[in-house]
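Below is one structure; the comments refer to it alone.
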Amino acid sequence: RKLAEAEAALSDAAKCERSGWLKSRDLDGAASAYERAATLFRVARAYPQAIEAYMKAADAQQALESAAAAARLLESAAVLAKDNLKAEANAAALYERASELHLGVLSLDRAAAALCKAARTIEGSDTPRACALMLRACSLFDDGEEEAQLRHSADTFGAAVALLLRAGRRSETAA
């Protein structure tokens, strides 16, 4: 039953995205319908379809120039990929894309947090890439001077040091 509702929501989203002679694209409606479809697919445990719907909703939000909402949707897709499909590399890529969107709206703390999540996701399967992601997260705070930014950078640096130590890359922890 939930699958049928999800498919109907996808159909609604596709209708919203179409434009014609008398009708322009309704990206807001499409984003909402894709998000509703993703939620219904998740409830129905159809995780690949849920991830796809989250990604389409993120694309619609990005077209609406709402990068923060798009990043949130990509992070939701990443959680599903990681926890339910055990697709760590896919989840890490989604987190990286979300990080780029956060950077676009100058949200350094959220961008760094997304990169840290990506690194933790692939730590067991691709340690060198995980370390590179953590170092990239740290580099976001190179020019940090605001107190709130420094607070978030401390969390990021702590996570990076812990990961690098677990990976046996002691020389990079001092950098």
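Candidates are the residues of region 119-164 that are open to solvent by 40 Å² or more (accessible area, probe 1.4 Å) and among the β-branched types (Val, Ile, Thr); the one that is modelled with the highest pLDDT is THR127. Looking at ALA53, ALA112, ALA69, ALA60, just one residue is over 24 Å from CYS16 (Cα atoms) and either hydrophobic (A, V, I, L, M, F, W, C) or part of a helix (DSSP H, G or I) (or both), and that residue is ALA112. Considering each residue of region 18-27 in turn, none proves to be open to solvent by 40 Å² or more (accessible area, probe 1.4 Å), in a helix (DSSP H, G or I), at negative phi and of a type outside the set (A, V, I, L, M). Among the residues of region 77-86, is any more than 11 Å from the chain's Cα centre (by Cα), assigned to a helix (DSSP H, G or I) and among the basic types (Lys, Arg)? Yes: one or more hits. Only one entry in ALA53, ALA37 is of a type in the set (Gly, Ala, Ser), under 23 Å from LYS86 (Cα atoms), within 16 Å of the chain's Cα centre (by Cα) and modelled with pLDDT of 95 or more, namely ALA53.
For the condition open to solvent by 20 Å² or more (accessible area, probe 1.4 Å), polar (S, T, N, Q) and in a helix (DSSP H, G or I), SER32 qualifies.
The values are calculated or read from the model by the stated rules, or taken from the named source; none is laboratory data. What you see is a predicted model, and the numbers here were worked out from it, not measured in a lab. With ligands, DNA and RNA removed, areas are computed over all heavy atoms of the protein, side chains included. Shrake-Rupley method; radii C 1.70, N 1.55, O 1.52, S 1.80 Å.
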